[in-house]
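Here the structure is laid out as C-alpha cells; the discussion comes afterwards.
The values are calculated or read from the model by the stated rules, or taken from the named source; none is laboratory data. This one's a predicted model, so the numbers in the text were calculated from it and none came from an experiment. With ideal geometry, Cβ positions are generated from the backbone for all residues, glycine too; neighbour counts draw on all protein chains shown. Side chains are part of the model used for accessible areas, which takes the heavy atoms of the whole protein and leaves out ligands, DNA and RNA. Shrake-Rupley method; radii C 1.70, N 1.55, O 1.52, S 1.80 Å.
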Amino acid sequence: MSNSGRQLEIGPTDNTSDQRTPRNRLRLIPEIARESFAPYVPQRGLSRQNEWDMTRIAADLPRAQGIAIEVSGKLQNERGTPISNAMLEIWSANHFGRYRHIEDHSNIPLDEHFLGTGRVFTDSEGNYTFWTISPGAYLARPDIGRWRPKHIHISVSGGGSRLITQLYFPDEPNNASDPMAILMGDDFERNIGKPYETPKIDVDSGLNFDIVVGGRNAVYFE
Amino acid sequence: MKPSTQSDLLKPTNEDTVGPYFPINFSDPLLEDLSRFESGITAQPQGIPIILKGRLLDRFGELANGTLVEFWQANAKGVYRSPKHEGDSDIDPWFWGYGRLRAESGEFEFKTIMPGLCADRAPNITITLFSDGISRIVTQIFFADQESNASDPLLQSLSGEDQAKLSARHEGQSDCGSKIYTIDIVMAGENEIPFFDDLIREGE
Ligand SMILES: [Fe+2]
C-alpha cells in the first residue's frame, strides 16, 4: 500500500540531473482526476519520404561516414497489443559523437553527409524500421572522464502512447557508468538492442529494439 | 479482451532523459498555438483565447533551457478529445487539446483557449516536461482567478502553499486581446512545485 508517489532519483555524476530533479516525492493523483493526466496525441503526418534512411541526408546524396545499421522492432503496450500508426522521432550523434544541433558546441567534427534526425511510423502490426549510422560515444564530463555511451534517442507518440527513451548498444564499455543506466539498474538491459544479421540489405548489421510503452495511460488500453 | 493480471504484463521500456538536443526541426507551429486552426481555413476553436507564459527553473533559479513541454487540456466545453468522448456533441472539431513546444531558453509562451469546466474539475492544463538530466515529469496548472478552484479535488488535495504554486496568475492582455497568464515552474529545490505520479495508484 502506498499513500505517496515515487521518489525520483538523481543521476550520479550528472550535474543537470542534480539541478532539475524534483526533490519531493511525487504526489498521488485523486482517482477522479486520473483521466486528465493521460494525453491523447493526435495523428501527425510530418515525415519526408527518405527520413527512414538516416544514413544519408537525402536519397540523392552519398552515405555518411561510419557503420550503417538497421534498427527495427515492435511497438506494443504492456498487454502486448501492437501500437500502430505511432510516430517515432529519432535523433543521434554522428559517427564521431557530434550532433548537428545548433546547441552542440563541441569540437568533434560534423559529417557533411549526416543529419542525425528522422521520423518513421509504426505499421498496422506495430512494427517500425529505420536505417542510421552507428553513433559515436562522446565525452560528457571531461573533468572526470565520463563518456556517454553510444545511444540513439527515440521519442514515441501516438494516441494514448507517449514515451521518450534511448536505445543502447550491447557490450559497450561506457554503458556501466552512464547516470541514467545506473538509475535503471537491472532494467537497463531492456534498453539494449539485440544484434541480428542483415545479409540481404545494404547495411552492416541490425539491432532489434522492441519497445513497450508503460502503464500510465491505462485509461485507454482496450 | 482477456483479463490480465500484473504478471501477464510485459515489462515497459525504461523512460530515459530527452537530453539537451531534442531536434528543433521536429517543431510543429500548429502544436504551439491551439487558439487557431490550420492557416487558410475559415474556422476558429471555441472559447476565450489565452496565452500561458511560463518559466522553467532549476533548483538554483536558473532557466532550464532546452526543455520539451507538452500540454493536454479539455476544450472550452470541458471535453477531452480522447476515445472515451468519441461522438460527444460537445467535441470542438477545430480543437484537439494537445500541444508541444521546445523551450529553448527555458521560457515559453503557449497560445490556447481557456479550458472549460469538466465535471468536478476546475479549468486546468496538464503539463509534461522532458528535460536534460531527468525523465518525464508531469503536473497540472490551474488559473488563479477561477472560482471553481475551491472545489477541485486535485487542487484541494494539496496544501495552500502548493495550490498557489500551481496557479497561473492573470497578468494583462496581449495586443490581440488574449488574456495572459504567467506561471513559474520550479522543477527542484526550495520553491519546487508539486509533480504527480501517474504510474502508481492510490492504495497500490
Ligand atoms: Fe544524446
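In terms of Cα to Cα distance under 19 Å, which lysines are near enough to A:Lys150, apart from those fewer than 8 places away along the same chain?
Partners within reach: A:Lys194.
If packing is taken as the mean number of other Cβ atoms within 10 Å per residue, what is the order of A:101-109, A:71-79, A:87-95, B:141-149, highest first?
Numbers: A:101-109: 11.9, A:71-79: 21.1, A:87-95: 23.3, B:141-149: 17.3.
Output ranking for A:101-109, A:71-79, A:87-95, B:141-149: A:87-95, A:71-79, B:141-149, A:101-109.
Working from the pairwise distances between different alpha carbons, so that the mean of 1/r is found and then inverted, what is the protein assembly as shown's Kirkwood radius in Å? Could you put the intermediate results ahead of the total?
Details: mean 1/r = 0.0445 Å⁻¹.
In the protein assembly as shown this quantity evaluates to 22.5 Å.
Gaussian network model of chain B, Cα springs within a sub-10 Å range: biggest mean-square fluctuation belongs to which of B:Glu32, B:Glu104, B:Glu161?
Ranking B:Glu32, B:Glu104, B:Glu161 by mean-square fluctuation puts B:Glu161 first.
Is there a quick way to get the dipole size of the protein assembly as shown? I mean about its Cα centre, with the Cβ of Lys and Arg at +1 and of Asp and Glu at -1; what is the value in debye to the nearest 20? Can you show the working numbers first?
On the way: 42 positive and 62 negative charges, 38 e Å.
That gives a dipole near 180 debye.
In region A:148-222, what trypsin sites (Lys or Arg not before Pro) fall in a loop by DSSP, with at most 11 other Cβ atoms inside 10 Å? Could you put the intermediate results ahead of the total?
Details: sites: A:Lys150, A:Arg162, A:Arg190, A:Lys200, A:Arg216; in loops: A:Lys150, A:Lys200.
When the trypsin sites (Lys or Arg not before Pro) of region A:148-222 are filtered for loop state and at most 11 Cβ neighbours within 10 Å, A:Lys200 remain.
Across peptide B:23-33, how many C-beta atoms of other chains are within 10 Å of each residue C-beta, on average? Show your work: numbers first, answer last.
On the way: counts 13, 4, 7, 9, 1, 2, 0, 3, 3, 0, 0.
Mean number of neighbouring Cβ atoms from other chains: 4.
Place a +1 charge on the Cβ of each Lys and Arg in chain B and a -1 charge on the Cβ of each Asp and Glu, then give the dipole magnitude about the Cα centre in debye, rounded to the nearest 20.
Numbers: 18 positive and 33 negative charges, 80 e Å.
The calculation lands at about 380 debye.
What residues qualify as long-range amide H neighbours of A:Gln166, i.e. H under 5 Å apart, gap of 5 or more or another chain, H built at 1.01 Å from N?
Residues meeting the criterion, in which the H sits 1.01 Å from N, are A:Ile154, B:Asp16.
If ligands, DNA and RNA are left out, what is the accessible area of B:Trp94 with a 1.4 Å probe, given in Å² to the nearest 10?
90 Å²
May I ask you to order B:170-176, A:173-179 by the average number of other C-beta atoms within 10 Å around their residues, highest value first?
On the way: B:170-176: 10.6, A:173-179: 18.0.
Packing order, densest peptide first, comes out as A:173-179, B:170-176.
Residues of B:88-99, mean number of Cβ from any other protein chain within 10 Å of their own Cβ, rounded to a whole number? Don't jump to the answer; show the numbers that get you there.
On the way: counts 0, 0, 0, 0, 0, 0, 0, 0, 4, 3, 7, 1.
Taking the mean over all residues of the peptide, I get 1.
What are the principal axis extents of the Cα atoms in region B:3-94, in Å, biggest first?
Taking the Cα atoms of region B:3-94, the three principal extents are 47, 42, 26 Å.
So how strong a dipole does region A:48-213 carry about its Cα centre when Lys and Arg Cβ are +1 and Asp and Glu Cβ are -1, to the nearest 20 debye? Walk me through the intermediate numbers first.
Values: 16 positive and 23 negative charges, 47 e Å.
About 220 debye.
Which whole number in µm²/s is D for region B:44-186 by Stokes-Einstein, with the Kirkwood Rh taken over Cα pairs at 10 °C and 1.306 mPa s? Before the final figure, lay out each step's value.
Values: Rh = 15.8 Å.
Rounded, D is 101 µm²/s.
Where the convex hull is taken over the Cα atoms of chain A, what is its projected area averaged over directions, in nm²? Don't skip to the end; give the middle numbers.
Working: hull surface 57.7 nm².
The directionally averaged projection comes out at 14.4 nm².
Mind checking the mean number of beta-carbon atoms from other chains within 10 Å of the Cβ atoms in B:123-135? Write down the numbers at each step before the final one.
Working: counts 0, 2, 1, 5, 0, 4, 2, 3, 5, 6, 12, 12, 10.
Counting Cβ atoms of other protein chains within 10 Å of each residue's Cβ and averaging gives 5.
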